[in-house]
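Contents: one structure, followed by commentary.
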Amino acid sequence: MLFCRTNTKAYKAYQRDSLALGIGYALLVFLSAWCVKRHTPHTPDDRFWIYFWSLMPTAPLVAMVARMAKYLNDETDEYQRLMTMQSLLIGTAALVITLLVNDFLRAFAKADPLEPFVAFVIFSAAMGLTKLVQWFRNRVGSDA
């Protein structure tokens, strides 16, 4: 998907929806940061809004995961579906391994926790790297 030249109907719809969700995510991150920064909690109701705006940027990310699942269901090209599943598996494995190593370091070595968003970056980087490896591995003579 990232490096492959796929033009299936399912992939085009997935790209279009992912772009819209990505733009929505970026806007919500800035809006949420602005709202949280400018709002000092004084009452329990104020605390609710801090939590609300802190969690708001997760909505488009959850929607992206749901959209990926729909893409996998709609994709008729079995090869493209396999490549996407492999990259998801590698990304998930990198994420789980990172969290396990972090948990054991925190439990036994009293290490500090990971910084915010590190796990998501590791997941995304592992998926992207997998797509790059797939692209190099699957080139044919005319692509080289």
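Here, each number is a calculation from the coordinates, and none is a lab measurement. Quick caveat, the model's predicted, so the values are computed rather than measured.
Gain on full extension, evaluated as 0.36 nm per residue between VAL96 and TYR51 minus their Cα-Cα distance, stands at 13.6 nm. The orientation-averaged projection of the convex hull spanning the C-alpha atoms of the range 77-139 amounts to 4.8 square nanometres.
Between the helical axis of 78-108 and the longest alpha-carbon principal axis of the chain there is an angle of about 40 degrees.
Taking Cα atoms only, the orientation of helix 9-38 departs from the longest principal axis of the chain by about 20 degrees. Sorted from longest to shortest, the spans of the Cα atoms of the range 1-76 along the three principal axes equal 54, 19, 14 Å. Under 23 Å of direct C-alpha separation, and excluding same-chain neighbours fewer than eight residues apart, LYS9 reaches these lysines: LYS70, LYS131. For the residues MET85, MET127, MET56, a GNM of the chain with alpha-carbon springs under 10 Å puts the largest fluctuation on MET56.
Compared with the rule-of-thumb size 2.2 N^0.38 Å for a compact globular protein, the chain has a Cα radius of gyration ratio of 1.32. Helix 44-55 and the longest principal axis of the C-alpha atoms of the chain enclose an angle of approximately 20°.
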